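Encoded as structure tokens, the structure appears first; notes follow it.
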Amino acid sequence: MKVNVMAVNFNVDGKLVDFIQERMDKLEKYYDKVVVADVFLKVESTSEKENKIVEIKIHVPGDDFMVKKQCKTFEEAVDSSGEALERLLLKRKEKIRTHI
């Protein structure tokens, strides 16, 4: 799966990109037809501690899924987004399986 990481208004380090790639690769275990994952990283300028926003848009044939999470760290946000995407992909897989 191709993973595009886009950071808005800051430079992302290699460790975070590797972490995101590794987490997105785990999604193929749940649904192997994922084509592309677009990951947007943003830092909201607020006084709150949970100011890191991660938006993940994944493209599967016939559909797109979008998940947005806001957490204290990018790693935490990517993990919770990945869990939400796992649930979405499993639901999609079950839906396709029942229609066959």
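The values are calculated or read from the model by the stated rules, or taken from the named source; none is laboratory data. Here the structure is a predicted model, which is why all the values come from computation and not from measurement. Cβ coordinates were reconstructed from backbone atoms using ideal geometry, including for glycine residues, and neighbour counts include every protein chain displayed. Just the protein is used for accessible areas: all its heavy atoms, side chains included, with ligands, DNA and RNA removed. Shrake-Rupley method; radii C 1.70, N 1.55, O 1.52, S 1.80 Å.
Entry remark, the range 44-62: residues being under 20 Å from LEU88 (Cα atoms) and not in a strand (DSSP E or B) number 2 in total. The set of residues from the range 1-38 being under 15 Å from LEU88 (Cα atoms) and not in a loop (DSSP other than H, G, I, E, B) comprises MET24, LYS26, LEU27, GLU28, LYS29, ALA37. When LEU41, LEU89 are checked against the criterion of being open to solvent by less than 30 Å² (accessible area, probe 1.4 Å), hydrophobic (A, V, I, L, M, F, W, C) and in a helix (DSSP H, G or I), a single residue qualifies: LEU89. Scanning the range 13-59 for residues that are in contact (Cβ under 8 Å) with a residue 12 or more places away in the chain and over 15 Å from GLY82 (Cα atoms) yields LYS33, VAL35, LYS42, VAL43, GLU44, LYS49, GLU50, ASN51, LYS52. Just checking, how many residues over the range 71-81 are closer than 17 Å to MET6 by Cβ and without any contact (Cβ under 8 Å) to a residue 40 or more places away in the chain? Residues in the range 71-81 being closer than 17 Å to MET6 by Cβ and without any contact (Cβ under 8 Å) to a residue 40 or more places away in the chain: 2 in total.
Would the range 63-75 turn up any residue that is part of a helix (DSSP H, G or I) and either surrounded by fewer than 17 Cβ atoms within 10 Å (Cβ to Cβ) or under 12 Å from the mean Cα position of the chain (by Cα) (or both)? Within the range 63-75, one or more residues are part of a helix (DSSP H, G or I) and either surrounded by fewer than 17 Cβ atoms within 10 Å (Cβ to Cβ) or under 12 Å from the mean Cα position of the chain (by Cα) (or both). Filter the range 61-74 down to the residues that are touching a helix residue (DSSP H, G or I) at 6+ places or on another chain (Cβ under 7 Å) and of a type in the set (A, V, I, L, M) and list them by number. Listed by number, the list holds a single entry, VAL67.
Mind listing just one residue for me: the one in the range 44-62 that is among the basic types (Lys, Arg) and modelled with pLDDT under 95 and, of those, surrounded by the fewest Cβ atoms within 10 Å (Cβ to Cβ)?
Narrowing the range 44-62 to residues among the basic types (Lys, Arg): 49, 52, 57.
Filter once more, so that each one left must be modelled with pLDDT under 95: 49, 52.
Working: LYS49: 9, LYS52: 19.
Checking each candidate, the answer is LYS49.
Do we find that GLU94 is open to solvent by 60 Å² or more (accessible area, probe 1.4 Å), in contact with a Lys or Arg (Cβ under 9 Å, 6 or more places away or on another chain), more than 20 Å from MET1 (Cα to Cα) and not polar (S, T, N, Q) in this structure? No; evaluated as a whole, the condition is false for this residue.
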